[in-house]
Each structure stands twice: as structure tokens, then as C-alpha cells.
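Asker: First the structure, which I've put down as C-alpha cells, then a few questions once you've had a look.
The values are calculated or read from the model by the stated rules, or taken from the named source; none is laboratory data. These numbers come from a predicted model, not from an experiment. Backbone-built Cβ (ideal geometry, glycine too); neighbour counts: all protein chains shown. Each accessible area value is taken on the protein alone, full model and side chains, heavy atoms only, with ligands, DNA and RNA left out. Shrake-Rupley method; radii C 1.70, N 1.55, O 1.52, S 1.80 Å.
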Amino acid sequence: MRDYAKLQKDINKTLGIDLTAYKEQQMRRRINQWLDRHKLSSYEDLIRTITSDREHREKFVEYLTINTSSFFRDARVFDVIEDVVLPAVSKRGRPRIWSAGASIGAEIYSIAILMKEARLTPGMLLATDIDEAVLEKAKAGIYLPSQVNGIDPQYLEKYFTQTEKGNWAIAQSLKDMVVFRQHDLLKDPYERNFDLILCRNVFIYFTTDTQRRLITNFVQSLNPAGYFVVGSAEQIMDPTSFGLQRVSYCIYQKPA
């Protein structure tokens, strides 16, 4: 039996994840694929398994929260971040920057690399995610060869060291720049006074009402003249209704 409404309640009770905020068809399909993959016969069977098997629970949460990321993802966006956004926010002092839904840390480390290259000093580089297991991977900073494909070879040589297993370890100097924290965008309070917030390829999984609520929260967390960056499939149709103005592809600014 696959009673999705009951599953929503059970997942919230067991994992603290509110599935009602996510697009139902998309999330139901993902969960059904998980059941088929692990030969679980029902939603009840899934709940029993994640309650009794810690390893299964951790893998399911990582799967459910859709952890995908890559270094310098979408060159058009990072070109503007490098040439316009980071110099602008650094003129006002040491900028506070937040990567929300940070996944494996590729995004925040990309920002750290650009700041190192430009000799800019952040006030804070914060990376958050709901999934504690993936945050541990981000903190470790060890990446498969496929995960560093998008990095300029000069950056790879300068900021990474190849391990004996053929993976790539990011420099300790970059890891020291970043603060990683577990954070649930749907439940936890949002820290304030950021000059740049990136939340990319996260909104697409949420309902329209949830998206609006999250965008409102992010805008409140921005300093005046701060920038907000979303994913390529998440363009904000009416940015002025949130107190934003579009300045470039995927990039918005809160008026000063």
C-alpha cells in the first residue's frame, strides 16, 4: 500500500522533513524509485527500515534531499560573480556570503577560490545543508575526478592535491575559510546581514508557495545592495514583489 499522505506525516515524524513543501509528483516518483531499488514493498516498509537501520536512513536522507553540485557550475553566472558581485560586496568591507543547500561544498569552495585569486577577504563564508552526512563530505573536501571536471586546470593545480586513490583533496587553506552548518530552510531561523546569498537548484523541488516563502526569508537576510543568486531553472518572474531587481542572468540585487 502506498498512501502518500500518511507517508508525509511519517517522514516528518521520523526524519523531520516536511514533504508537503515539495512538489508531490516529483517527490513521490523519487521515493517510489527508492522503494523499487531497495525492494521495499510499501511506504510502511520504508518507515520500518529507516527507523531500524541507521545506514539506510542516512542514505535515504541524502537521496531525498537531492545532493548535486559541481565547481563553477554555470560559467555565465560565475563570470558575473567574479567580475561584478565579489568586487562590489568587498568594497563595503569584508563580505558575508552564504551558500544555502551547499551539498558537497563545490559552490562555496568555488567562491573561496575566486576570493583567494582576487585577494579579497570574506567576513564569513557559510555553507549550509539539511543533510549532515553530505556536510561531512564537504568538510572533508575530497572529490572524485568526475567532480572536478569543471575546474580550470590552473586552479586544480594550485588548490588541489591528488590522493593515492586518484581523488582530489582541496587545500586546507580553502577549508579553513568556510563554516559548515546543518540548516533546514523550511524550519530553522535564517541568519541575517549577508552581502551575497546563493541558493541554486533548490527551489525547483518546492511548491510555488514554499518558494515564495523561502525567497522572502532570503531577502530579509540580505543587507541593502546585497545579491541573491538562483539556479538557471529558477528565474524569479516578479522580482520587485520581493524587493529585488534583476541585474544579470540568475542574479538579483536588493536595493541599497
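Asker: Hey, can you tell me all the residues within the stretch 32-87 that are part of a loop (DSSP other than H, G, I, E, B), closer than 30 Å to residue 250 by Cα and not aliphatic (A, V, I, L, M)? Walk me through how you get there before you give the answer.
Answerer: Residues of the stretch 32-87 that are part of a loop (DSSP other than H, G, I, E, B), as a first pass: 38-42, 53, 65-74.
Those left that are additionally closer than 30 Å to residue 250 by Cα: 65-74.
Correct list: 65, 67, 68, 69, 70, 71, 72, 73, 74.
Asker: Just for the stretch 223-249: of the residues that are modelled with pLDDT under 95 and among the hydrophobic types (A, V, I, L, M, F, W, C), which one is farthest from the chain's Cα centre (by Cα)?
Answerer: This residue is 237.
Asker: Scanning for something open to solvent by 30 Å² or more (accessible area, probe 1.4 Å), out of contact with any Asp or Glu (no Cβ under 8 Å at 6 or more places or on another chain), touching a residue at least 40 places away in the same chain (Cβ under 8 Å) and aromatic (Phe, Trp, Tyr), does the stretch 218-235 turn up at least one residue? Break it down stepwise before answering.
Answerer: Restricting attention to the stretch 218-235, the residues satisfying the condition of being open to solvent by 30 Å² or more (accessible area, probe 1.4 Å) are 220, 223-224, 232-233, 235.
Cutting the leftovers down to out of contact with any Asp or Glu (no Cβ under 8 Å at 6 or more places or on another chain) gives us 220, 224, 233, 235.
Remaining after also requiring touching a residue at least 40 places away in the same chain (Cβ under 8 Å): none.
There is no residue in the stretch 218-235 that is open to solvent by 30 Å² or more (accessible area, probe 1.4 Å), out of contact with any Asp or Glu (no Cβ under 8 Å at 6 or more places or on another chain), touching a residue at least 40 places away in the same chain (Cβ under 8 Å) and aromatic (Phe, Trp, Tyr).
Asker: Now a separate question. Determine which member of the set 84, 77 is among the aliphatic types (A, V, I, L, M) and either at pLDDT below 90 or under 28 Å from residue 23 (Cβ atoms) (or both). Explain how you work it out, then say what you get.
Answerer: Values: 84 fails: either at pLDDT below 90 or under 28 Å from residue 23 (Cβ atoms) (or both).
Of the residues listed, the single one that is among the aliphatic types (A, V, I, L, M) and either at pLDDT below 90 or under 28 Å from residue 23 (Cβ atoms) (or both) is 77.
Asker: Any chance you could count how many residues in the stretch 88-132 are within 26 Å of residue 15 (Cα to Cα), β-branched (Val, Ile, Thr) and part of a loop (DSSP other than H, G, I, E, B)?
Answerer: Of the residues in the stretch 88-132, 2 are within 26 Å of residue 15 (Cα to Cα), β-branched (Val, Ile, Thr) and part of a loop (DSSP other than H, G, I, E, B).
Asker: Name every residue in the stretch 119-135 that is open to solvent by 60 Å² or more (accessible area, probe 1.4 Å) and either modelled with pLDDT of 95 or more or touching a Lys or Arg at 6+ places or on another chain (Cβ under 6 Å) (or both), in order of residue number. Talk me through it step by step, then tell me what you get.
Answerer: The initial filter retains those residues of the stretch 119-135 that are open to solvent by 60 Å² or more (accessible area, probe 1.4 Å), namely 119, 121, 132.
Scanning the stretch 119-135 gives 119, 121.
Asker: From (1) open to solvent by 30 Å² or more (accessible area, probe 1.4 Å); (2) modelled with pLDDT of 90 or more; (3) over 22 Å from residue 174 (Cβ atoms), pick out the condition that doesn't hold for residue 58.
Answerer: Of everything listed in (1) open to solvent by 30 Å² or more (accessible area, probe 1.4 Å); (2) modelled with pLDDT of 90 or more; (3) over 22 Å from residue 174 (Cβ atoms), residue 58 misses just condition (2).
Asker: Looking at 197, 215, 251 in this structure, which one is of a type in the set (A, V, I, L, M), over 20 Å from residue 122 (Cα atoms), surrounded by 13 or more Cβ atoms within 10 Å (Cβ to Cβ) and touching a helix residue (DSSP H, G or I) at 6+ places or on another chain (Cβ under 7 Å)?
Answerer: Values: 197 fails: over 20 Å from residue 122 (Cα atoms); 251 fails: over 20 Å from residue 122 (Cα atoms).
Only one candidate qualifies: 215.
Asker: Determine which member of the set 74, 79 is among the charged types (D, E, K, R), surrounded by fewer than 24 Cβ atoms within 10 Å (Cβ to Cβ) and in contact with a Cys (Cβ under 9 Å, 6 or more places away or on another chain). Explain how you work it out, then say what you get.
Answerer: Details: 79 fails: in contact with a Cys (Cβ under 9 Å, 6 or more places away or on another chain).
The conditions single out 74.
Asker: Would you confirm, using the coordinates I've provided, whether residue 151 is under 20 Å from residue 69 (Cα atoms), among the β-branched types (Val, Ile, Thr) and either at pLDDT 95 or above or open to solvent by 20 Å² or more (accessible area, probe 1.4 Å) (or both)?
Answerer: Details: under 20 Å from residue 69 (Cα atoms): yes; among the β-branched types (Val, Ile, Thr): yes; either at pLDDT 95 or above or open to solvent by 20 Å² or more (accessible area, probe 1.4 Å) (or both): no.
When the stated conditions are applied, residue 151 does not pass them.
Asker: Just to be sure I understand, how many residues within the stretch 241-256 are part of a strand (DSSP E or B), in contact (Cβ under 8 Å) with a residue 12 or more places away in the chain and touching a Phe, Trp or Tyr at 6+ places or on another chain (Cβ under 7 Å)? Step through it out loud before you land on a result.
Answerer: Taking the stretch 241-256 as the starting set, the residues that turn out to be part of a strand (DSSP E or B) are 245-248, 251-253.
Remaining after also requiring in contact (Cβ under 8 Å) with a residue 12 or more places away in the chain: 247-248, 251-253.
Pick out the ones that are also touching a Phe, Trp or Tyr at 6+ places or on another chain (Cβ under 7 Å) and you get 251-253.
Of the residues in that region, 3 qualify.
Asker: Restricting to strands (runs of 3 or more DSSP E) lying wholly in the stretch 161-205: which have 2 or more residues that are in contact (Cβ under 8 Å) with a residue 60 or more places away in the chain?
Answerer: Details: elements: 168-170, 178-182, 194-199.
In the stretch 161-205, the matching strands (runs of 3 or more DSSP E) lie at 178-182, 194-199.
Asker: Can you find a residue in the stretch 187-194 that is open to solvent by less than 40 Å² (accessible area, probe 1.4 Å), under 15 Å from residue 107 (Cβ atoms) and in contact with a Gly (Cβ under 9 Å, 6 or more places away or on another chain)?
Answerer: Of all residues in the stretch 187-194, those open to solvent by less than 40 Å² (accessible area, probe 1.4 Å) come to 190, 194.
From what is left, the residues that are under 15 Å from residue 107 (Cβ atoms) are 194.
Among the residues that remain, those that are also in contact with a Gly (Cβ under 9 Å, 6 or more places away or on another chain) are: 194.
Yes - at least one qualifying residue is present in the stretch 187-194.
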